[in-house]
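The values are calculated or read from the model by the stated rules, or taken from the named source; none is laboratory data. Note that this is a predicted model, so its numbers are computed, not measured. Cβ placement follows ideal geometry from the backbone for every residue including glycine, while neighbour counts extend to all protein chains displayed. Each accessible area value is taken on the protein alone, full model and side chains, heavy atoms only, with ligands, DNA and RNA left out. Shrake-Rupley method; radii C 1.70, N 1.55, O 1.52, S 1.80 Å.
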Amino acid sequence: MTPVSPDPGLCARCVSGRRIDSARGSTFWRCAEHDRDPSWPKYPRLPVLRCARFVAGEVPAGPGPE
Ligand code: SF4
């Protein structure tokens, strides 16, 4: 298994976590909660160690670089 860098913390196993691998080899994590609530951060500060909206589940494949 490839190490995930940076460590996303809870986002890696949250239904709202979206891993985005850029063409330059960088990895970002986007939070889909932002789509439902624009006041919620789109790119949470990593690692997320505590989150009131964390819901454990499968992380869908990301849409790719934006
Ligand atoms: S809801 Fe919280 S834990 Fe889940 S992806 Fe967003 S910031 Fe990460």
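General remarks:
- Cβ pairs under 9 Å, 6+ apart, first in segment 19-30 and free of Cβ contacts under 8 Å to residues at least 60 places away in the same chain and closer than 11 Å to PRO6 by Cβ, second among the aliphatic types (A, V, I, L, M) and open to solvent by less than 30 Å² (accessible area, probe 1.4 Å): SER26/ILE20; THR27/ILE20; PHE28/ILE20; TRP29/ILE20; TRP29/VAL48
- Selection of segment 48-66 for residues being modelled with pLDDT of 95 or more and assigned to a loop (DSSP other than H, G, I, E, B) yields LEU49, ARG50, CYS51, ALA52, ARG53, PHE54, VAL55.
- Output for segment 15-35, where each listed residue is at pLDDT 95 or above and more than 10 Å from the ligand (Cβ to nearest atom): ASP35
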